[in-house]
Amino acid sequence: MTLVEITQDGKVLTTELSAAPEADLELGPDADLDAVAESLASAKQVAVRFPAFSDGRGYSIARRLRNQYGYRGRLLAVGDVLVDQVHLMARVGFDAFLLKEGQKPEKAAQSLARYQSVYQASADGQRPVWELRRRNKAA
């Protein structure tokens, strides 16, 4: 299995693993975040499980963990994680991805580097294009 991660300085690293990394918390798609809120302060890594690539609840969990609960540790996507999803997963706050067997890590890295500009604000902190344009007009 392959772990793809985004470092603090924005670099993408890939590592081949023989077993899934340990997580302080593992959350399923129906997790009650209020019930685990106190545990988040001490958690260095939280894994969010995607039982199927078409199940988008993990995206909402990640965004809420980052924005509503202020979680700043490592957020790992596990389960049915495909390379074409990692860009959007990163936008909502994931910084590590345990790719589904058979997925190519170099394709995940390409996906993460594909878009330099974004149109909406999100948990990743990138400024949307419209905001940059407005700032440039005001200058």
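No value in this document is a laboratory result; all are computed from the given coordinates. Remember, predicted model here, so these are calculated numbers, not experimental data. Cβ atoms come from the backbone with ideal geometry, glycine included; neighbour counts cover every protein chain shown.
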Show me the ranking of peptides 25-36, 85-96, 57-68 by mean Cβ neighbours inside 10 Å, starting with the highest.
85-96, 57-68, 25-36
Expected 222 nm ellipticity per residue - DSSP helices of 4 or more, -39500 (n - 2.57), all of the chain, to 500:
-9000 deg cm²/dmol
For semi-axes √(5λ) of the Cα gyration tensor in Å the list reads [x] 25, 20, 13; [y] 20, 18, 14; [z] 26, 16, 14; the calculated value is entry [x]
Give the aspartates and glutamates reachable from Lys100 as a straight Cα distance under 13 Å; neighbours fewer than 8 places away on the same chain don't count.
Glu16, Asp80, Asp84
Measure out, as a whole number of angstrom, how far apart the alpha-carbon centroids of the stretch 74-100 and the stretch 109-139 sit.
20
What is the sum of charges, Lys and Arg at +1 and Asp and Glu at -1, for the other residues whose Cβ falls under 11 Å from the Cβ of Arg114?
0
Lysines with Cα under 19 Å of Lys104, excluding same-chain neighbours fewer than 8 positions away
Lys11
Beta bridge orientation in the chain: antiparallel %, DSSP, nearest 5
45
